[in-house]
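Please read the structure below before turning to the comments.
The values are calculated or read from the model by the stated rules, or taken from the named source; none is laboratory data. Being a predicted model, the structure only gives us computed values, none of them experimental. For neighbour counting, all protein chains shown are included, and Cβ atoms are generated from backbone atoms with ideal geometry for every residue, glycine included. Side chains are part of the model used for accessible areas, which takes the heavy atoms of the whole protein and leaves out ligands, DNA and RNA. Shrake-Rupley method; radii C 1.70, N 1.55, O 1.52, S 1.80 Å.
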Amino acid sequence: MSFDQMGLESALTQAVAHAGYASATEVQLAAIPPALAGEDLMVSSCTGSGKTASFILPALQRVLKARAEFHAQRTANGAAAESVRRDTPRRAARILVLVPTRELALQVSKAADTYGRMVKNLRLATIVGGVPYPAQLAALRGGPDIIIATPGRLLDHLQSGRCDLGSVELLVLDEADRMLDLGFIDDINTIAAAVPAVRQTLMYSATFAGNVGNLARHLLRDPKRIAVASHTTAHVNIEQRLHWADNHNHKNALLDHILTQREVEQALVFTSTQRDADWLADRLADMGHKVASLHGGMPQGRRNRVLQGLRSRHLRVLVATDVAARGLDVPGISHVINYGMPMKAEDYVHRIGRTGRAGRDGLAVTLAERMDTDMVRRIQSFTTQPIPVTMIGGLEPKNPQPQVKTFRAAGRPGEGAAARAARPTQPGRQSVPRGAAFASRKSEALRPRDAARPARPARKPAAASHRAKTFVSR
């Protein structure tokens, strides 16, 4: 189905066509019509499915509708037609989108700007941490149509009396499961209490089990459940490989070999900790790669410059923590390499979803040591799919391959993945992902097993490190 048949305003369908999209994706077909009808939604879909457009387009439609009502009211009150055309309603935001990370906030803001390019005088306010307050306060005072925010910084503005949420008509929670993992549950409840009770709420999450389901029952009214391409669905355009490494040096040799291959357009290398990201970026820079690191400990300005370098192809390799696992949309990423294992199995799905985007094929490679066997098993159990073991000629492991226990798809006999995802959680029963209890706002903290690794060479002074990355600071 095309976007023209969904009841969207012509300004939105023109912007979608200008962006190069001719037909709606599965999640957009399922979510946009009920969202336009004002229903509350609980949506589960895999990364790269087009879910951002499935809530941004209804949000922009609501902005256009509010403006039309405002102009009609002014006309009925006898205002001059020319004045009606010039004026736009100056009031608090009608749309609030909450996201877990700064990178995802920037991606959603970019999508809103792209799909709202034909909406005159569209005002967006992106409220995230790590950015000076004055610019954000100016955006809030300017009467934004849409606020896109991380919970922590928005709560700061709310408690200081600088942010008015009393006119919000649509509340969107994107990546709700991740926000709870980061400890934002209390912030979300406080923000929701500041939003009018009579509103529309859309919640997007990889799972609605446990605490996420409890939050949905608290915030949503008779929601419609939509499950599209769950985490157990195979990524047909992403090839997955598993390389077993004997030790840390062997893992480095495997990584070096992969990054020197011609088919690597751009590679995203994931590490487990911020320290590993900086150390590995320094090492690859010394080898001549155009590389930069990205993690939550960096100032927002530098993070933005690194991402711009990746999008403009000044960077060929980005070494990042899981801060880049969600919200990073760069079509040129041909390879995702798991140099360090994720903290949770579900983060693996988000990691590999950074490649194979915009209709392209991608390759996701996991470099695992024997101590990673349990996480490999948990990933395969979570996705209900094996990761094929592959070897590189001349770099074959000398130690016996670890035996990963057989995984089993959770669910009832004969039940498919979509049916399992759509099945409601049993009352009183909570399912918390293994390892989630250890997650916090500093989810990239050093894990115990990393302490057992061999000591690494001391880092160079700042003036000599990241030699291949100097463009980001110019």
Does segment 286-300 contain at least one residue that is more than 27 Å from Asn237 (Cα to Cα) and assigned to a helix (DSSP H, G or I)? yes
Could you look through segment 1-15, keep only residues that are among the hydroxyl-bearing types (Ser, Thr, Tyr) and at pLDDT 85 or above, and pick out the one that is farthest from the chain's Cα centre (by Cα)? Ser10
Over segment 143-193, the set of residues in a helix (DSSP H, G or I), of a type in the set (D, E, K, R) and touching a residue at least 24 places away in the same chain (Cβ under 8 Å) is Arg153, Asp177, Arg178, Asp181, Asp187
Looking at (1) surrounded by fewer than 21 Cβ atoms within 10 Å (Cβ to Cβ); (2) small (Gly, Ala, Ser); (3) under 20 Å from Ala325 (Cβ atoms), which is the only condition Ala194 fails? (3)
For segment 247-280, name all the residues that are surrounded by fewer than 16 Cβ atoms within 10 Å (Cβ to Cβ) and among the acidic types (Asp, Glu). Asp256, Glu263, Glu265
Counting only residues in segment 284-314 that are among the hydrophobic types (A, V, I, L, M, F, W, C) and within 21 Å of the chain's Cα centre (by Cα), the one surrounded by the fewest Cβ atoms within 10 Å (Cβ to Cβ) is identified as Met298
Filtering segment 43-67 for residues that are farther than 24 Å from Phe208 by Cβ and at pLDDT below 85 leaves a count of 0
How many residues, within segment 364-396, are in contact with a helix residue (DSSP H, G or I) (Cβ under 9 Å, 6 or more places away or on another chain) and in a strand (DSSP E or B)? 5
Under the condition of being open to solvent by less than 30 Å² (accessible area, probe 1.4 Å) and touching a His at 6+ places or on another chain (Cβ under 9 Å), which residue from segment 373-400 is modelled with the lowest pLDDT? Thr383
What are the residues in segment 18-69 that are charged (D, E, K, R) and in contact (Cβ under 8 Å) with a residue 12 or more places away in the chain, if any? Glu26, Glu39, Asp40, Lys51, Arg62, Arg67
Can Leu307 be described as among the hydrophobic types (A, V, I, L, M, F, W, C) and at pLDDT 95 or above? no
When you check Thr201 against the structure, is it β-branched (Val, Ile, Thr) and either open to solvent by less than 10 Å² (accessible area, probe 1.4 Å) or closer than 30 Å to Arg316 by Cα (or both), yes or no? yes
Say whether the condition of being over 24 Å from the mean Cα position of the chain (by Cα), farther than 19 Å from Glu175 by Cβ and either in contact (Cβ under 8 Å) with a residue 60 or more places away in the chain or part of a strand (DSSP E or B) (or both) is met by at least one residue in segment 228-241. no
Residue identified as part of a helix (DSSP H, G or I) and within 30 Å of Ser44 (Cβ to Cβ) among Arg217, Arg283: Arg217
How many residues does segment 348-372 contain that are more than 20 Å from the chain's Cα centre (by Cα) and open to solvent by 30 Å² or more (accessible area, probe 1.4 Å)? 2
